[in-house]
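Scroll down for the structure; my scribbles are underneath it.
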Amino acid sequence: MERPLSETMLWDSFRSGNEDAFVRLFHLYSDPLFYYGCTITADRELIKDSIQELLCDLWERRQECPAVQKLKAFLFTGLRRIILRRLQANRRYLAREDEDAFATQTGEYPVGDESIEAAIIRQETSELSRQRLRTAIGNLPARQREAIHLRYYQGMSYEEMARIMEVKKGTIGRFIVQAIEGLRRAMDQILLFCLLLLTYLLS
């Protein structure tokens with residue numbers, strides 16, 4: 001049986017012009033990229049167009065692409081810049097960090113296979129608890145919501161998050177602390193305990 005390529009090998013194969021590697025990268029990262037885009041804007045069509053632009057641009061410049069160790073962080077950084085550029089061009093980007101287009105338009109928050117929600121559900125299995133978590137995260141200020149997604153849903157380090165969000169590492173820490181405080185005010189203590197436990201385990 002053929003062994004699956006590692007992400008690094010897949011990326012190197014893509015850089016050398018392997019179309020199959022390009023397709024596999026698309027299938028591997030299309031959902032994570034889309035979910036991350038949802039933390040920046042509620043415009044899902046804009047997110048899809050931005051992902052397409054990112055992938056097309058990467059393919060056209062594949063021979064110029066650098067070797068990377070953290071492929072997900074590299075792709076997230078590229079997508080974030082494209083989305084913000086498109087939002088600015090369309091005059092829909094609001095600079096205030098507490099503007100919450102996603103929550104007001106959808107009231108939802110996309111989740112991955114391993115997430116804060118999964119840990120909390122092990123403690124509180126009711127639909128009400130799950131909905132409260134989605135709502136609480138969706139109601140966070142945009143930058144705090146983005147930080148929570150990268151930290152807990154994507155499992156990224158503060159260093160990776162700082163590069164993607166283009167801020168200092170200390171600023172990332174403040175976003176996380178402020179987000180947890182906001183969630184504490186919105187949820188029961190048992191939910192806060194789970195969040196703090198995950199923060200400790202990931203530190």
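Could we say that Y200 is at pLDDT below 85, buried (at least 17 other Cβ atoms within 10 Å of the Cβ) and in a helix (DSSP H, G or I) here? Before the answer, list the steps.
Numbers: at pLDDT below 85: yes; buried (at least 17 other Cβ atoms within 10 Å of the Cβ): no; in a helix (DSSP H, G or I): yes.
Spelling it out, it is not the case that Y200 is at pLDDT below 85, buried (at least 17 other Cβ atoms within 10 Å of the Cβ) and in a helix (DSSP H, G or I).
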Inset, instruction - Test each condition in (1) farther than 18 Å from R163 by Cα; (2) at pLDDT 85 or above for I40 and report the one that comes out false. - result: (1)
Legend entry - Close pairs (7 angstrom Cβ cut-off, 6 or more residues apart or separate chains): assigned by TED's automatic domain parsing to the domain that holds R151 in segment 164-188, aromatic (F, W, Y) anywhere: I164/F76; K169/Y158; I172/Y158; G173/Y158
Inset, instruction - Considering only segment 14-55, state which residues are under 16 Å from N90 (Cα atoms), touching a residue at least 60 places away in the same chain (Cβ under 8 Å) and polar (S, T, N, Q). - result: T41
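The values are calculated or read from the model by the stated rules, or taken from the named source; none is laboratory data. Keep in mind it's a predicted model, so treat the numbers as computed, not measured. We place every Cβ from the backbone using ideal geometry, glycine too, and count neighbours over all the protein chains shown.
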